[in-house]
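J.: The structure under discussion is supplied below as structure tokens; questions concerning it will follow.
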Amino acid sequence: LATGLVISQPNDVFAQTETDINLNVKHSVGGIAEFDRKKFITLHATLSESGWTGEEDKLQYMMDELNVYFGRDNGSIMWNLNQAKEDPNRPGYVDPASMVARGRQSREKVYGEQMASRHQYDEHNDVMVGGQTSSFWLGRSTKPCCGKEGWEIAGADAIGEYVGHFLNEFYRNDGEDPTMGQARPKLFEVLNEPLYELIDGEADSHVTPLEVFQYHNDVAAAVRKFNNTTLIGGYTTAFPIFEERDFARWDERMKLFMDTSG
């Protein structure tokens with residue numbers, strides 16, 4: 001590393017740039033003329049997370065000064081499945097009555113009352129929710145807290161029914177104020193990063209992408225028996241690498257998903 005060396009160049013060495021500013025011209029691409037912060041400046045978090053307790057000044061700074069939006073919640077749908085009560089008459093399915101009670105508690109007591117100070121930021125809370133293979137895949141069991149005993153989930157139909165009840169009961173209806181709970185998510189993702197979790201991350205995996213995508217369809221069909229307003233999307237891929245083997249990976253995965261699930 002050389003030190004003590006000074007290089008001087010005349011100003012005319014650098015390129016000169018001339019800029020014209022037209023205040024009466026509006027730049028628009030596809031009808032869009034402004035940067036949508038609600039779409040692009042988002043947190044993988046939600047307004048109802050307990051982590052904001054004691055961090056109200058940070059929350060206010062992010063909302064008011066930085067104008068950040070909440071975009072994703074992959075935790076609450078999993079937590080509530082693991083704590084859900086099994087239907088005594090249908091092994092492997094959640095008890096619908098318990099979902100109604102837990103949903104009302106979450107909406108009105110926890111969010112409506114205990115988190116009332118956060119309602120001022122309600123417009124920033126526009127999240128999607130997603131399931132994860134740890135509980136949403138075949139043969140999984142619930143993992144309740146506090147030493148309680150779990151139960152085995154009955155598969156795609158049971159998962160879809162749970163999701164339908166969750167979307168209906170844990171969120172407020174359109175037109176209701178924040179005291180009645182958080183706004184219902186516009187989008188539900190069946191499985192987050194499923195091929196990485198079930199295939200790439202498992203040395204002896206026997207799961208195929210087609211099985212994952214067919215399962216996606218089965219869950220989606222079951223959700224629609226109870227909820228027909230929330231969009232169902234996915235899947236999120238962890239490491240796309242679409243171009244691998246001259247785009248064979250694209251054909252075997254993303255293209256196959258689109259052909260199978262739309």
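The values are calculated or read from the model by the stated rules, or taken from the named source; none is laboratory data. Everything numeric in this text was worked out from a predicted model, so none of it was measured. As a convention, Cβ positions derive from the backbone with ideal geometry for all residues, glycine included, and neighbour counts pool all protein chains shown. These accessible areas exclude ligands, DNA and RNA; they are computed on the full protein's heavy atoms, side chains included. Shrake-Rupley method; radii C 1.70, N 1.55, O 1.52, S 1.80 Å.
J.: Calculate, for residue 246 and residue 196, the FRET efficiency according to 1/(1 + (r/R0)^6) with r their C-beta to C-beta distance and R0 30 Å; round to the nearest 0.05.
T.: 0.90
J.: For the chain, which whole percent of the accessible surface, found with a 1.4 angstrom probe, sits on carbon and sulfur atoms?
T.: Of the solvent-accessible surface of the chain, carbon and sulfur hold 51 percent.
J.: Using the per-residue mean of other Cβ atoms lying within 10 Å as a proxy for protection, in what order, highest first, do the peptides 60-69, 80-89 fall?
T.: Result, highest mean first: 80-89, 60-69.
J.: Counting other C-beta atoms within 10 Å, and keeping those with at most 11, which DSSP coil trypsin sites (Lys or Arg not before Pro) do you find in the range 178-231?
T.: When the trypsin sites (Lys or Arg not before Pro) of the range 178-231 are filtered for loop state and at most 11 Cβ neighbours within 10 Å, 225 remain.
J.: Could you tell me which GluC sites (Glu not before Pro) in the range 210-262 are loop residues by DSSP with no more than 15 other beta carbons within 10 angstrom of their beta carbon?
T.: Answer in residue order: 243.
J.: Rolling a 1.4 Å sphere over the protein heavy atoms, what is the accessible area per residue of the chain, to the nearest Å²?
T.: Numbers: 15890 Å² over 262 residues.
Counting only protein heavy atoms, the per-residue value for the chain is 61 Å².
J.: Under a Cβ-only charge scheme (Lys and Arg +1, Asp and Glu -1), can you give me the dipole magnitude of the chain about the Cα centre, in debye to the nearest 20?
T.: Here the chain has a charge dipole of around 680 debye.
J.: State the dimensionless ratio Rg/Rh of the chain (Rg: radius of gyration of Cα atoms; Rh: Kirkwood radius).
T.: On the way: Rg = 24.1 Å, Rh = 21.7 Å.
We get a ratio of 1.11 for the chain.
J.: What nm distance separates the two modelled labels at residue 114 and residue 237, each placed 7 Å from Cα along Cα→Cβ?
T.: Distance between label points: 4.0 nm.
J.: Right, another one. Taking 0.36 nm per residue of sequence separation and subtracting the Cα-Cα distance, how much length would be gained by fully extending the chain between residue 21 and residue 134, in nm to one decimal?
T.: 35.2 nm
J.: Still on this model: Taking residue 148 as the anchor, which lysines have their alpha carbon closer than 18 Å to its alpha carbon, excluding any fewer than eight residues away along the same chain?
T.: Leaving aside lysines fewer than 8 places away in the same chain, those within reach of residue 148 are 85.
J.: Please compute the contact order of the range 137-262 in relative form: average sequence separation of alpha-carbon pairs under 8 Å and at least six residues apart, divided by the residue count, as a percent.
T.: About 27 percent, as a whole number.
J.: Right, another one. Please report, in debye to the nearest 20, how large the charge dipole of the range 46-140 is about its Cα centre when each Lys and Arg carries +1 at its beta carbon and each Asp and Glu carries -1 there. Walk me through the numbers on the way to the answer.
T.: Details: 10 positive and 15 negative charges, 126 e Å.
I would put it at about 600 debye.
J.: Taking the Cα centroid of the range 18-39 and of the range 85-105, what is the distance between the two, rounded to the nearest whole Å?
T.: Computed from Cα coordinates, the inter-centre distance equals 51 Å.
J.: Could you work out how far apart the two model spin labels at residue 28 and residue 83 are, taking each label as a point 7 Å from the Cα in the direction of the beta carbon, and quote it in nm?
T.: Here the answer is 4.8 nm between the modelled labels.
J.: Net charge near residue 102, counting Lys/Arg +1 and Asp/Glu -1 over other residues with Cβ under 9 Å of its Cβ?
T.: Charge balance in the 9 Å sphere: +1.
J.: For residue 233, which sequence-distant residues (separation of 5 or more, or a different chain) have an amide H within less than 5 Å of its own amide H, given hydrogens modelled in the peptide plane?
T.: 188, 189, 190
J.: At residue 50 and residue 259, where each label point lies 7 Å from the Cα along Cα→Cβ, what is the point-to-point distance in nanometres?
T.: Label at residue 50, label at residue 259, 4.7 nm between them.
J.: Return the long-range amide H neighbours of residue 126 (sequence gap of 5 or more, or a different chain), with a cut-off of under 5 Å between placed amide H atoms.
T.: Those lying under 5 Å, H to H, from residue 126 are 70.
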